[in-house]
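Quick notes on the structure that follows.
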Amino acid sequence: MIYLKTDEEIALMRESNTLVGKTLGELARWIAPGITTLRLDQIAEQYIRDNGGIPGFKGYGGFPFTLCISVNENIVHGFPSSYVLRDGDIVSIDCGAIVQGYNGDSAYTFPVGQVAPEVMALLRTTKESLYQGIEKAIAGNRIGDISNAVQTYCEARGYSVVREFIGHGIGRKLHEDPEVPNYGRRGCGPLLKKGMCIAIEPMINLGSRNVVIERDGWTARTRDRKPSAHYEHTVAITQDGPAEILSSFDYIEEVLGENRI
Ligand code: MG
Ligand code: MG
């Protein structure tokens with residue numbers, strides 16, 4: 001069942017997603033060699049609560065933290081911990097917040113200090129593939145058009161696409177229909193209609209696409225332990241014209257300046 005949102009509901013989705021964008025921007029100020037990922041989680045929770053939101057992930061399906069923090073070979077759903085970020089790491093931060101009952105969801109992979117050029121290229125391509133997908137998020141297209149755009153963009157550049165985790169509809173619930181895979185065939189899947197809100201979130205690996213779940217039951221990492229990147233926006237399908245991106249990387253990129261991906 002795909003819920004089409006009213007303009008009033010989309011306005012609330014804009015609020016929750018803006019708060020997520022601002023939270024990621026706040027985290028960008030702190031991400032540097034020497035900080036623990038648990039400290040980042042505390043900063044995010046405080047920021048969300050201080051700004052009238054509720055952490056959207058904490059308690060969702062039993063997930064114990066505000067952020068999913070996935071370093072280097074970890075793909076998604078990593079636990080914040082006493083791990084200290086080091087020069088050359090990449091850190092994927094996935095953040096959710098609820099404002100007035102509606103969910104925001106967005107993710108960004110940050111370089112920590114000086115990152116190897118081949119890993120920076122992975123980040124850049126993954127982020128670009130997100131926008132390739134968003135370009136296809138137009139009323140009258142189908143989900144497969146988004147999926148195929150992400151997949152072909154990344155595979156043409158020699159990267160592999162994670163299959164086990166995918167994007168999703170979003171609204172009152174964090175995960176709603178439809179599913180939004182990062183691989184698939186053009187012209188297939190549900191029809192996109194005005195009022196659909198979806199999270200598009202490519203998870204792209206430098207090596208093979210194979211995934212292992214760690215013993216905590218949550219953390220997904222690459223089997224070959226090569227790095228993985230993850231960028232996510234929540235978007236709303238409009239009547240005509242491009243999708244509205246409800247989340248924002250602007251707050252992050254203001255902080256990163258010339259180091260933006
Ligand atoms: Mg997310
Ligand atoms: Mg998501």
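Laboratory data are not the source of any read-out in this text; all were calculated from the coordinates shown. Predicted, not measured: the structure shown is a model, and the values here were computed from it. Virtual Cβ from ideal backbone geometry, glycine too; neighbours counted across all protein chains shown.
Near Arg142, the amide H atoms lying under 5 Å from its own belong to Gly187, Leu192; only residues 5 or more places off or on other chains count, and H is placed 1.01 Å from N.
Once the Cα-Cα distance is subtracted from the 0.36 nm per residue extended length, the Gln100 to Ala32 segment shows a gain of 21.2 nm. State the answer as a single residue: which of Gly167, Leu256, Gly56 lies farthest towards the positive end of the charge dipole of the chain, with beta carbon charges of +1 for Lys and Arg and -1 for Asp and Glu, about the Cα centre. Going by the charge dipole, the pick is Gly167.
Residues whose amide H lies under 5 Å from that of Phe249, counting only those 5 or more places away or on a different chain, are absent; hydrogens are built 1.01 Å from N in the peptide plane. 3J(HN,Hα) couplings calculated from phi for region 129-142 with the Karplus curve 6.51 cos²θ - 1.76 cosθ + 1.60 (θ = phi - 60°) are, in sequence order, 5, 4, 6, 4, x, 4, 4, 8, 7, 10, 3, x, 6, 10 Hz; Gly and Pro show x. If you take the Cα centroid of region 206-261 and the Cα centroid of region 64-134, the two points sit 6 Å apart. For region 96-239, relative contact order (Cα pairs under 8 Å, six or more residues apart, normalised by length) works out to 30 percent. Under 5 Å from the amide H of Ile75 lie the amide H atoms of Ala220, Arg221, Thr222, each residue being 5 or more positions distant or on a separate chain, with H modelled from the backbone and absent for Pro and chain starts. Couplings for region 203-214, taken from phi via the Karplus curve 6.51 cos²θ - 1.76 cosθ + 1.60 with θ = phi - 60°, read 10, 10, 9, 5, x, 7, 7, 5, 10, 10, 9, 6 Hz in order; Gly and Pro are left as x. Over the chain, with a single point scatterer placed on each C-alpha, what log10 of the ratio I(q)/I(0) does the Debye formula yield at q = 0.07, 0.08, 0.11 1/Å? Taking Cα atoms of the chain as identical point scatterers yields -0.21, -0.27, -0.53. Label separation (Lys194 vs Asp177): 2.2 nm, computed from points 7 Å beyond Cα along the C-beta direction.
Remark: the chain carries a charge dipole of roughly 560 debye about the Cα centre, counting +1 on each Lys and Arg Cβ and -1 on each Asp and Glu Cβ. Straightening the chain between Arg215 and Asp240 buys 4.4 nm, computed as 0.36 nm per residue apart minus the Cα-Cα spacing. Note that region 12-23 has calculated 3J(HN,Hα) couplings of 6, 4, 5, 5, 5, 6, 5, 4, 4, x, 5, 5 Hz, one per residue in order, obtained from phi through the Karplus relation 6.51 cos²θ - 1.76 cosθ + 1.60 (θ = phi - 60°); glycine and proline are x. Helices in the chain, meaning DSSP H runs of at least 4 residues, each add -39500 (n - 2.57). Divided by all residues, the mean residue ellipticity at 222 nm is -10000 deg cm²/dmol.
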